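For reference, the structure is listed below as structure tokens.
The values are calculated or read from the model by the stated rules, or taken from the named source; none is laboratory data. Keep in mind it's a predicted model, so treat the numbers as computed, not measured. Please note: Cβ atoms are built from the backbone with ideal geometry, for glycine as well, and neighbour counts cover all protein chains shown.
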Amino acid sequence: MTGEDRFLETIEADDKVEPRDWMPDGYRKTLIRQIAQHAHSEVIGMQPEGNWITRAPTLMRKIILMAKVQDEAGHGLYLYSAAETLGVSRDELQHLLHTGKQKYSSIFNYPTLSWADIGAIGWLVDGAAIVNQIALQQTSYGPYARAMVKICKEESFHARQGYSILLALSRGSEAQRAMMQDAVDRWWWPSLMMFGPPDAESTHTEQSMEWKIKRVTNDELRQRFVDQTVPQGQHLGVTFPDPDLAYDEGTGHWMIGDIDWDEFWAVVKGDGRLNRERIAAKVRAWEGGAWVREAATAYAEKVNLRRTA
Amino acid sequence: MTITATAAPLLKYLVRLADDNVVLGQRLSEYIASAPELEEDLAVANIGLDHIGVAQHLYSYAAEVEGEGRTEDDFAFWRTEREFTNVLLVEQPHEGFGELIARQFLFDAYQLELWEALSLSSDERLAGIAAKALKEARYHLRHTASWVVRLGDGTDESHRRMQDAVGAMWRFTGELFEADDLDRQMAAEGVGVDPTTLREAWTATVDEVLAEATLHRPDDPYQASGGRSGMHSEHLGHLLAEMQWMQRTYPGLQW
């Protein structure tokens, strides 16, 4: 039996592919790209939320948000480790991010302009991420699937903290309700775009489905998200910024209007509100910390030398 | 809100301890997503969380002692800079990772001794808060001391930067060991500790770590003071303006 046969058999049997197993180059490349993009998203996602940690309205909200952003750093670490099992280093991946050769979720190129945005990110952005990640728990690459199981547990806490922020606003003053509505107006469409282009235009979907890296298509995931989220929004008393949003009795699904894919592609290609700033901040932190990393390496070498001397 | 001059000494004592922690936690929270490595983003956030958590416990207890129905947030968000009684060290901004570590290390070494003493407080509630904080302070100190050593004894550049960073924070360490009437009263009652008694152990810790880091102890004779009586550096007002902005802009709301 060749490596390729074994690989196909593993996929067919819904078993997991493990790091030392033979795998097609395309499979490896696709996974590296996808896991790295996922890791980068966790890390870049710390910026828009970090923007409000220092201004969180109560001490309790502040520590919850800090803990959440800390989780995201942890998720980034996990995912980079999962990618490293495919024979690529974290430093290489970071370099690809810094030079624009790898992407992160476009959602983080939108600014957080009010405290309600922190609620909307938790509810909508993390909510969308969970829908995607629950499906990825079944992905065919073992280390990625296992990382997803752990990450999903923490993400559901994130989504709840976001919803809890909005719930407090919904029960608050007129100014608070207006703040919430404004945030939903700005975050609703971008969160729907998080699932990627429609299936018909998605270049990676078919092969990824065949390899069982991807288990559910973009459009199906988007629909799951819409169906679970619209009733939650009604409970908050917000209006979704989509005049075409309607419940279809026949299918039992909420139907949405047309997504502005021009906006999606513009942000993906680098022309979102904050693409340049997000990467610049990341590069600044990385370069600003070079002396620290160099010192840590130099010190470790000295300790090794002393030990062997 | 104002804490009156005749307020219970315990109330004032709890508030000064809490102020140190909330201000330092706020400083650390500024650093999110700026660390040299993801691992350090995690660690700095973790240390910041611990400090703010301790502040919550202390303010809540202070509010109970006061008995006027105020909350931890009233203490954190509704006092002015002249009413904050934190030491100057914790409000100092950090230019980068080196200064952040220097500030944190010098303060961790102090808090380790402080919490150890307060964990024996005759006030059971304070002793409980201190015992929990003591465990956290041990981790903080282990982490920051190891960085002082690595940066001090790393490269020529890191040695220079770390020496400068320790130098920049040094003049704010004397205040940690000043005792005022409130400290002496609390110590006499067995509730608090006289900070002057913490200096020897702190000096031993700091000297040992600096020596291992090949750094010399700064010899700047000038030592700043005034935080405990509300005479702060210019930095605190800005820190509070940012931290308190939401509460001040939208007063009286639930979040």
* Within region B:89-105, can you find the residues that are surrounded by fewer than 23 Cβ atoms within 10 Å (Cβ to Cβ) and assigned to a helix (DSSP H, G or I)? -> B:Glu99
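Conditions tested, residue by residue: (1) in contact (Cβ under 8 Å) with a residue 24 or more places away in the chain; (2) within 22 Å of A:Ile107 (Cα to Cα).
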site	(1), (2)
A:Ile213	yes, no
A:Glu220	no, yes
A:Leu245	no, yes
A:Trp254	yes, no
A:Asn275	yes, yes
A:Ala281	yes, yes
A:Tyr299	no, no
A:Leu305	no, no
* Asked: Within region A:231-267, can you find the residues that are surrounded by fewer than 17 Cβ atoms within 10 Å (Cβ to Cβ) and among the hydrophobic types (A, V, I, L, M, F, W, C)?
  -> A:Leu245, A:Ala246, A:Met255, A:Trp261, A:Trp265, A:Ala266
* To do: Could you please let me know if A:Val131 is out of contact with any strand residue (DSSP E or B) (no Cβ under 7 Å at 6 or more places or on another chain), assigned to a helix (DSSP H, G or I), among the aliphatic types (A, V, I, L, M) and in contact (Cβ under 8 Å) with a residue 24 or more places away in the chain?
  => yes
* Report whether or not A:Ala178 is buried (at least 17 other Cβ atoms within 10 Å of the Cβ) and hydrophobic (A, V, I, L, M, F, W, C). => no
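From the list A:Glu4, A:Glu42, A:Glu72, exactly one residue is on the phi < 0 side of the Ramachandran plot, part of a helix (DSSP H, G or I), charged (D, E, K, R) and surrounded by fewer than 20 Cβ atoms within 10 Å (Cβ to Cβ). Which is it? Give the steps one after another, and end with the answer.
Numbers: A:Glu42 fails: surrounded by fewer than 20 Cβ atoms within 10 Å (Cβ to Cβ); A:Glu72 fails: surrounded by fewer than 20 Cβ atoms within 10 Å (Cβ to Cβ).
Exactly one of A:Glu4, A:Glu42, A:Glu72 is on the phi < 0 side of the Ramachandran plot, part of a helix (DSSP H, G or I), charged (D, E, K, R) and surrounded by fewer than 20 Cβ atoms within 10 Å (Cβ to Cβ), namely A:Glu4.
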* Can you tell which of B:Arg125, B:Arg70, B:Arg138 is farther than 24 Å from A:Thr297 by Cα, in a loop (DSSP other than H, G, I, E, B) and in contact (Cβ under 8 Å) with a residue 12 or more places away in the chain? -> B:Arg70
* Structure fact -> When region B:140-163 is checked residue by residue, the ones that are within 13 Å of chain A (Cβ to nearest Cβ) and among the charged types (D, E, K, R) are B:Arg150, B:Asp153, B:Asp156, B:Glu157, B:Arg160, B:Arg161
* Asked: Considering only residues of region A:255-292 that are acidic (Asp, Glu) and outside any helix (DSSP H, G or I), which is farthest from A:Glu201 (Cα to Cα)?
  -> A:Asp271
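Look at A:Arg55 and say whether it is facing chain B (nearest Cβ under 8 Å), in contact with a helix residue (DSSP H, G or I) (Cβ under 8 Å, 6 or more places away or on another chain), more than 19 Å from A:Ala147 (Cα to Cα) and part of a helix (DSSP H, G or I).
On the way: facing chain B (nearest Cβ under 8 Å): yes; in contact with a helix residue (DSSP H, G or I) (Cβ under 8 Å, 6 or more places away or on another chain): yes; more than 19 Å from A:Ala147 (Cα to Cα): yes; part of a helix (DSSP H, G or I): no.
It is false that A:Arg55 is facing chain B (nearest Cβ under 8 Å), in contact with a helix residue (DSSP H, G or I) (Cβ under 8 Å, 6 or more places away or on another chain), more than 19 Å from A:Ala147 (Cα to Cα) and part of a helix (DSSP H, G or I).
To keep it simple, each residue is scored yes or no on (1) small (Gly, Ala, Ser); (2) more than 26 Å from B:Gly48 (Cβ to Cβ).
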site: B:Thr155; (1), (2): no, yes
site: B:Phe177; (1), (2): no, no
site: B:Met186; (1), (2): no, yes
site: B:Gly237; (1), (2): yes, no
site: B:Trp245; (1), (2): no, no
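Looking at A:Gly196, A:Gly172, which is the one that is part of a loop (DSSP other than H, G, I, E, B), farther than 23 Å from A:Glu42 by Cα and not hydroxyl-bearing (Ser, Thr, Tyr)?
Numbers: A:Gly196 fails: farther than 23 Å from A:Glu42 by Cα.
Criteria check complete, one pass: A:Gly172.
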* To do: Kindly indicate whether any position in region A:293-300 is over 15 Å from B:Val148 (Cα atoms) and not in a loop (DSSP other than H, G, I, E, B).
  => no
* To do: Pairs only if they're at least six apart or on different chains, beta carbon under 7 angstrom, first in region A:85-112 and more than 25 Å from A:Asp126 (Cα to Cα), second among the hydrophobic types (A, V, I, L, M, F, W, C) and surrounded by 16 or more Cβ atoms within 10 Å (Cβ to Cβ); list them, first residue then second.
  => A:Leu86/A:Leu31; A:Leu86/A:Ile32; A:Val88/A:Ile32
* Might you let me know whether region A:101-108 holds any residue that is within 15 Å of A:Val69 (Cα to Cα) and surrounded by fewer than 23 Cβ atoms within 10 Å (Cβ to Cβ)? => no
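Kindly check whether there is at least one residue in region A:263-275 that is within 14 Å of another protein chain (Cβ to nearest Cβ) and closer than 24 Å to A:Ala129 by Cβ. Can you show your working first?
Within region A:263-275, the first condition is being within 14 Å of another protein chain (Cβ to nearest Cβ), and the residues that meet it are A:274.
With the extra rule that they be closer than 24 Å to A:Ala129 by Cβ, the set shrinks to A:274.
Yes, some residue in region A:263-275 is within 14 Å of another protein chain (Cβ to nearest Cβ) and closer than 24 Å to A:Ala129 by Cβ.
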* Structure fact -> Residue pairs qualifying under the 9 Å Cβ cut-off, at least six apart or on distinct chains, with the first in region A:63-74 being facing chain B (nearest Cβ under 7 Å) and closer than 15 Å to B:Gln56 by Cα and the second being surrounded by 24 or more Cβ atoms within 10 Å (Cβ to Cβ) and modelled with pLDDT under 95, are A:Met66/B:Ile32
